[in-house]
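Chemist: Shown below is the structure under consideration.
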């Protein structure tokens, strides 16, 4: 049976070790604090009844650890909660915690694997785990493989958000250390280039937006102070060598055609997908 109530924090046992979520980044935490301060708590936390202990705890927090911390940070001494008396075993606890978090936000692969590891330690097979947490078997298999990789490799996977296929490839090479770390280096390099590409595109969009708001621009949409942009492009090129940022600036300054821009980006980032409406078989800008 479930019911809702406003429960004093002094009656709630909060065991962070049971939470599948990692520590929240300060900026995100403050955003959550501001949201609760402005709009109130939009979703109740989940607790389960427990036998009262010597500290006066009558409930244990199951899901909503971050919301609890943010509410306490505001100096509020109670919180809106769903009391679920069907959460009895630790397995029920972990399952509810994981599924509630999966439904609310994108957990990191490390956080997902932390929950999967609980079931693995309890002796559950991967197909059974998939059934319990309502996820595809392939999803569970990747998290299980992630746990078997070296810590530094797991850090790269998490930081650069490598795909399931990339995790599988690294797992297959786990016994061939040199090859595995070479593949890690390649994946990391590709992701870094892609990250720079996204930043450069953001800069390009900002510059183009500025161009459109200035009166008297020509059809070529060159910015008013072409020399300034061209100087910046040359500085970037001299200090960093070939990079997408300088290419985009050369293009905006009118010193590089759209044809050349896409080809240069493709040379640096092989994964870059050239827009379908760009015909690279003929250089139409010349």
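The values are calculated or read from the model by the stated rules, or taken from the named source; none is laboratory data. Predicted model only: the values in this text are computed from it and were never measured. For neighbour counting, all protein chains shown are included, and Cβ atoms are generated from backbone atoms with ideal geometry for every residue, glycine included.
Chemist: Out of segment 16-30, which residues are surrounded by 12 or more Cβ atoms within 10 Å (Cβ to Cβ) and more than 16 Å from the chain's Cα centre (by Cα)?
Modeler: Hits for segment 16-30 are 18, 19, 30.
Chemist: Please indicate, with yes or no, whether at least one residue in segment 66-80 is at pLDDT 90 or above, surrounded by 11 or more Cβ atoms within 10 Å (Cβ to Cβ) and closer than 26 Å to residue 123 by Cβ.
Modeler: Looking through segment 66-80, none of the residues is at pLDDT 90 or above, surrounded by 11 or more Cβ atoms within 10 Å (Cβ to Cβ) and closer than 26 Å to residue 123 by Cβ.
Chemist: Could you list, in sequence order, the residues of segment 71-94 that are in contact with a helix residue (DSSP H, G or I) (Cβ under 6 Å, 6 or more places away or on another chain) and over 21 Å from residue 10 (Cα atoms)?
Modeler: Answer for segment 71-94, where residues must be in contact with a helix residue (DSSP H, G or I) (Cβ under 6 Å, 6 or more places away or on another chain) and over 21 Å from residue 10 (Cα atoms): just 94.
Chemist: Quick check: anything in segment 36-49 touching a strand residue (DSSP E or B) at 6+ places or on another chain (Cβ under 7 Å), crowded, with 17+ Cβ neighbours inside 10 Å and in a helix (DSSP H, G or I)?
Modeler: Taking segment 36-49 and keeping what is touching a strand residue (DSSP E or B) at 6+ places or on another chain (Cβ under 7 Å), we get 41, 44-49.
Within this subset, residues satisfying the condition of being crowded, with 17+ Cβ neighbours inside 10 Å are 41, 44-48.
Now restrict to residues that are in a helix (DSSP H, G or I): none.
The answer is no, given that none of the residues of segment 36-49 is touching a strand residue (DSSP E or B) at 6+ places or on another chain (Cβ under 7 Å), crowded, with 17+ Cβ neighbours inside 10 Å and in a helix (DSSP H, G or I).
Chemist: I would also like to ask the following. When segment 112-140 is examined, which residues are found to be assigned to a loop (DSSP other than H, G, I, E, B) and exposed (fewer than 13 other Cβ atoms within 10 Å of the Cβ)? I'd like the intermediate steps shown before the answer.
Modeler: Of all residues in segment 112-140, those assigned to a loop (DSSP other than H, G, I, E, B) come to 122-125, 134-136.
Within segment 112-140, 122, 123, 125, 134, 136 meet the criteria.
Chemist: I would also like to ask the following. Out of 40, 56, I need the residue that is touching a helix residue (DSSP H, G or I) at 6+ places or on another chain (Cβ under 8 Å) and on the phi > 0 side of the Ramachandran plot. Which one? If you could, list the steps in order and put the result at the bottom.
Modeler: Values: 40 fails: touching a helix residue (DSSP H, G or I) at 6+ places or on another chain (Cβ under 8 Å).
Going through 40, 56 in turn, the sole match is 56.
Chemist: Here's a follow-up. What are the residues in segment 159-180 that are over 24 Å from the mean Cα position of the chain (by Cα), without any contact (Cβ under 8 Å) to a residue 24 or more places away in the chain and in a loop (DSSP other than H, G, I, E, B), if any?
Modeler: Within segment 159-180, the first condition is being over 24 Å from the mean Cα position of the chain (by Cα), and the residues that meet it are 172-179.
If we keep only those that are without any contact (Cβ under 8 Å) to a residue 24 or more places away in the chain as well, we get 172-173, 175-179.
Answer for segment 159-180, where residues must be over 24 Å from the mean Cα position of the chain (by Cα), without any contact (Cβ under 8 Å) to a residue 24 or more places away in the chain and in a loop (DSSP other than H, G, I, E, B): 173, 175, 176.
Chemist: Here's something else I'd like to know. Name the pairs: first residue in segment 61-77 and at negative phi, second residue in a helix (DSSP H, G or I) and surrounded by 23 or more Cβ atoms within 10 Å (Cβ to Cβ), Cβ to Cβ under 7 Å, at least 6 apart or on different chains?
Modeler: If the second residue must be in a helix (DSSP H, G or I) and surrounded by 23 or more Cβ atoms within 10 Å (Cβ to Cβ), the pairs left are 62/97; 63/97.
Chemist: Touching a strand residue (DSSP E or B) at 6+ places or on another chain (Cβ under 8 Å), touching a residue at least 12 places away in the same chain (Cβ under 8 Å), buried (at least 19 other Cβ atoms within 10 Å of the Cβ) and in a loop (DSSP other than H, G, I, E, B), is that true of residue 87?
Modeler: Details: touching a strand residue (DSSP E or B) at 6+ places or on another chain (Cβ under 8 Å): yes; touching a residue at least 12 places away in the same chain (Cβ under 8 Å): yes; buried (at least 19 other Cβ atoms within 10 Å of the Cβ): yes; in a loop (DSSP other than H, G, I, E, B): yes.
Yes; evaluated as a whole, the condition is true for this residue.
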